[in-house]
Amino acid sequence: MSSHPSTTEEIKTVGDLPVEKIDKTDYRIYAAISYFVILIVIGLPLWWKTTEVYRVPLPYTRIAALNESDFVLVTNVTIASLDIDRGKQLASDLDNFFKTSKLFKVHFVVTQVQKQILASAQSIQALELSSVSRRQAGDILLLEVPGLPRFTPSQVLVGRRRIVYFATDTSSVKLTEVLQQWLFQEETLQRMISSMVSPTKSELDLAGRRRMPTASAYDVMVTIVNPDPEKVQLNWDLQEAIENFLSPFLRNLAPLADYNVKSQWLYFVPLQVQPKLVPEQPGIRKHFALSEELLPHIITPLEKKLASHVSQNPCLNFVVYVPPCSESPLYIYRQEGVILRGGVNAFLSPRWGGIIIHNPPQDICDNTTVVEPKPVEADWSKIMGTFLAQLRLLVGVPELDDIPRVSMLPLAASGMRQWELDSLYRVRIMEQLTSAMLTLQSLSQLLGEISNIVIDDEVGDSIQEAVSAVERGIELLHQGNLLAAFEASKQAFLSAEAAFTDPSLLALLYFPDDQKYAVYIPLFLPVMIPVLMSLKNIYLWAASKVRHKGKEKVD
Amino acid sequence: MRALLFFVTIFYVNEYVQAVRQIPDDILRGNHTNNWAVLVDTSRFWFNYRHVANVLSIYRSVKRLGIPDSQIILMVADDMACNPRNPRPATVFNHRKQHINVYGDDVEVDYRGYEVTVENFVRLLTGRLFPGTPRSKQLLTDEGSNILVYLTGHGGDGFLKFQDSEEVTSQELADALEQMWQKRRYHEIFFMIDTCQAASMYEKFYSPNILAVASSLVGEDSLSHHVDPAIGVYIIDRYTFHALHFLERVSPDSMKTMGEFLAVCPKQECISTVGVRRDLFPRDPHKVPITDFFGSLRPVELGINYLNVSIALPLTENTIRPVKQEEKYHYAQQFPTHLFQTRAT
């Protein structure tokens, strides 16, 4: 007796299928089921897993949440007045005004100042150096000085440190103006943020267009151009002048960015423009006129010779041009045909640098006994003074509009007032945080949409770091800690840039969907069709088995 | 005699009058701060001589109008000048009369030979270059940069062929420009393309501030201008020939506008129709000076007062400066016995 049932002896029918087909059908169905299980249940997920692109999970929700968070700068303003009620009144007036500010949240604290300290001060400078002037970065002290008229005719005097001295009869409106326009510069910040977030709708203001873009390091290149060294001899100690004048100023800015100062001399490089000769007139000597329209044409050919592109840092160029006696004195004329007043023959190009025209002294030029090459001395205070003024504008310290009866103390040797430095910190913090936020949003949109780009660990780490740094920066701004907030914003900016410009984000490992289908369908569709079609038969067989069992039970 | 006196007077008066060229009020210089150019020739081999001549001619014009080499990215296969078939080695001409050698002595090619690939082009535009890429191969633009992008080669409907082996599609190009916009890497772009069916390449653009001009519309071929019988190949394309003819008459202080440039090469000269896309560009091209894209004129400000820095200068006597040692030279010993000296015991 064979163990397996004979196929021809017992003929049973279940449903439509005769017995012998039922046995073979069982095996056939088992085979079809095994194909189905291997190909679709095991194979499909296995294929999916093995062709998965390596993607590190990214904090999409946190990046989207950054859009909602607003950057609020918290500052503490202390009002020190003789009469505490007057102080409280001023504080409430100022508070009412600054309540409407979108970027600033100002806390006002009122204290009473000792009359003896103010009476004993001989000058404002003495007050500046006294112990009352230690303030944290970003904070301001409004100090009422009853004897202010003996020092200055203005009602409000802004010091070099973070103190504003005001006379007793100053109104709160004037103090509001001083805080809003000079110390906080909220409009500049607002313009900058809106020009970054929606560049088609708003543009930077003049100060913003001059300000160098944010970077971690800058090059400062000082060049002296001598077009005719056979006629003019310059024995200048450029390095010492830079060390004396520029370096103290740049040391102020050391926490903000690295400034690498380089210097060079260029010979036989002429101006590629033709100045007009203005002949001798009563009261005016013969001189050469360089009109305002010709000035850009000086910069263009000079740029090729300056070699300012050897490094990747943005470069600030400062050029001194010394014309020979035959082409001097060379004066710059405004567009209206008027000579430039102020005795400074210089012009500035936003985000590039400045050029000074240093004419050799007329007495040396006229003196025929001096043999060529004629030695020309450098007027360093004028040259370096102009460079410093231009450098301040390029670095981002704007020229402030005048407010009537308000003045500032003149600059010290360091060239920067502390509250100007605070403003610069604020601008850079907002710029870097906004830039990091926009970069992260753009990156998350790109990586979210194209699901096939590889996101490796480096990019993932950079993005995580950037998001954390932005959140930390916002938190520190809320606490009013400007220096730490700057560090966080710098970290955020650099990490976001590193993530965005990572070369692996362009790896052409991904294929568009239509190419993917075009490759897979001819390979797998002929195999899958019978498997999928056999699903119908499996279903019918299973249904018949169930019914068969059901019938047996009933029977 | 009187006429002579009259003319002489006029001559002297003219010399003394300050010839300040007034900018008409309606031509406003844009708010950009610097200018860059990206010039790409996407084809190689001897029979594509005209594409190399195209791009080198535009390079010459742009350089002449002031953009420095450090701000021009030139991508050319560079196999013409030293090709064994070139009867005048180290030269490339764009006219059969050989007026100008557009290759010259000072051409600076940034991407040459097999480096001109789609990947490098897209990496250049989006800024995703490998660390260690030399600065001359990077596009270091910022939000104040106006960029001129010029592409030439063989193209089709929606794609541009790179070096006979790969293609860049119009969607990829549009996405690359959008990535540039997201990072604020340009202020305005002027996109010029001289290939067959060139208009298809700018149809997919969706980023703002782009003005695009193409030498032919979809379905049309761009034709070449004339053949040089000495070489045996076509040496310049029609659209670029007429564009150059226009640019040759532009000087750095010219008042010509982009509107005039867009109208260069009418249909009877070019045979193909020049296509322009201006809906993404907010300004009126007739009010945009041509030097906004082709030249490099930096904005200038006057009236900066100088700081009085003579107060409280740090005195140089107080700073200790390292004394420079004078270098003393001496002859090296012929036989270095001092190396073998042992201490006398």
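The values are calculated or read from the model by the stated rules, or taken from the named source; none is laboratory data. None of these values were measured; they are calculated from a predicted model. Please note: Cβ atoms are built from the backbone with ideal geometry, for glycine as well, and neighbour counts cover all protein chains shown.
Values for this structure:
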item: Residue in the stretch A:441-454 that is at pLDDT 90 or above, surrounded by 15 or more Cβ atoms within 10 Å (Cβ to Cβ) and within 27 Å of residue A:250 (Cα to Cα) present; result: no
item: Only listed residue being among the small types (Gly, Ala, Ser), touching a Leu at 6+ places or on another chain (Cβ under 7 Å), surrounded by 20 or more Cβ atoms within 10 Å (Cβ to Cβ) and in a helix (DSSP H, G or I), chosen from A:492, A:469; result: A:492
item: Inter-residue pairs, beta-carbon under 7 Å, first in a helix (DSSP H, G or I) and in the stretch A:530-550, second among the small types (Gly, Ala, Ser), 6+ apart; result: A:534/A:32; A:537/A:32; A:538/A:32; A:544/A:15
item: Candidates A:312, A:274 - the one that is within 9 Å of another protein chain (Cβ to nearest Cβ), at negative phi, assigned to a loop (DSSP other than H, G, I, E, B) and surrounded by fewer than 16 Cβ atoms within 10 Å (Cβ to Cβ); result: A:312
item: Top-ranked residue of the stretch B:55-67 - restricted to ones that are buried (at least 20 other Cβ atoms within 10 Å of the Cβ) and within 14 Å of another protein chain (Cβ to nearest Cβ), ranked as nearest to residue B:108 (Cα to Cα); result: B:63
item: Residue that is surrounded by 18 or more Cβ atoms within 10 Å (Cβ to Cβ), over 30 Å from residue A:204 (Cα atoms), touching a helix residue (DSSP H, G or I) at 6+ places or on another chain (Cβ under 9 Å) and not charged (D, E, K, R), where the choices are A:358, A:287; result: A:358
item: Positions within the stretch B:282-306 being assigned to a loop (DSSP other than H, G, I, E, B) and more than 14 Å from chain A (Cβ to nearest Cβ), in sequence order; result: B:284, B:288, B:293
item: Residues being more than 27 Å from the chain's Cα centre (by Cα) and either within 13 Å of chain B (Cβ to nearest Cβ) or more than 11 Å from residue A:155 (Cα to Cα) (or both) - total across the stretch A:400-418; result: 7
item: Selection count, the stretch A:413-446, where residues are farther than 23 Å from residue A:191 by Cβ and either out of contact with any helix residue (DSSP H, G or I) (no Cβ under 8 Å at 6 or more places or on another chain) or not in a helix (DSSP H, G or I) (or both); result: 5
item: Wholly within the stretch A:29-122, helices (runs of 4 or more DSSP H) carrying at least 3 residues that are more than 41 Å from the chain's Cα centre (by Cα); result: A:44-50, A:84-98, A:115-120
item: Test: residue in the stretch A:347-356 that is assigned to a loop (DSSP other than H, G, I, E, B), touching a His at 6+ places or on another chain (Cβ under 8 Å) and not charged (D, E, K, R); result: no
item: Members of the stretch B:149-158 found to be over 18 Å from residue B:47 (Cβ atoms) and touching a helix residue (DSSP H, G or I) at 6+ places or on another chain (Cβ under 7 Å), listed by number; result: B:150, B:157, B:158
item: Search result, residues across the stretch A:425-448 that are touching a Lys or Arg at 6+ places or on another chain (Cβ under 9 Å) and more than 14 Å from every other protein chain (Cβ to nearest Cβ); result: A:427, A:428, A:429
item: Residue list for the stretch B:137-152, filter: within 26 Å of residue A:458 (Cβ to Cβ) and within 10 Å of another protein chain (Cβ to nearest Cβ); result: B:138, B:140, B:142
item: Residue pairs meeting the criteria (Cβ under 8 Å; at least 6 apart or on separate chains; first within 14 Å of residue A:214 (Cα to Cα), in the stretch A:476-498; second assigned to a loop (DSSP other than H, G, I, E, B)); result: A:486/A:255; A:486/A:256; A:490/A:216; A:493/A:214; A:494/A:216
item: Residue check, residue B:250 closer than 28 Å to residue B:172 by Cβ and of a type in the set (Val, Ile, Thr); result: no
item: Residue, nearest to the other protein chains (Cβ to nearest Cβ), within the stretch A:279-304, restricted to residues that are among the basic types (Lys, Arg) and more than 28 Å from residue B:72 (Cβ to Cβ); result: A:286
item: Meets criteria (assigned to a loop (DSSP other than H, G, I, E, B), of a type in the set (Gly, Ala, Ser), within 14 Å of chain A (Cβ to nearest Cβ) and surrounded by fewer than 17 Cβ atoms within 10 Å (Cβ to Cβ)) for residue B:104; result: no
item: Evaluation of residue A:480 against (1) under 17 Å from the mean Cα position of the chain (by Cα); (2) more than 14 Å from chain B (Cβ to nearest Cβ); (3) of a type in the set (Gly, Ala, Ser) (one fails), failing number; result: (1)
item: Odd one out for residue B:180 among (1) in contact with a His (Cβ under 6 Å, 6 or more places away or on another chain); (2) more than 10 Å from every other protein chain (Cβ to nearest Cβ); result: (1)
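Residues are listed down the side, and each one gets a yes or a no for (1) surrounded by fewer than 16 Cβ atoms within 10 Å (Cβ to Cβ); (2) more than 25 Å from residue B:44 (Cβ to Cβ):
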| position | (1), (2) |
| --- | --- |
| B:207 | no, yes |
| B:221 | yes, no |
| B:224 | no, no |
| B:240 | no, no |
| B:260 | yes, yes |
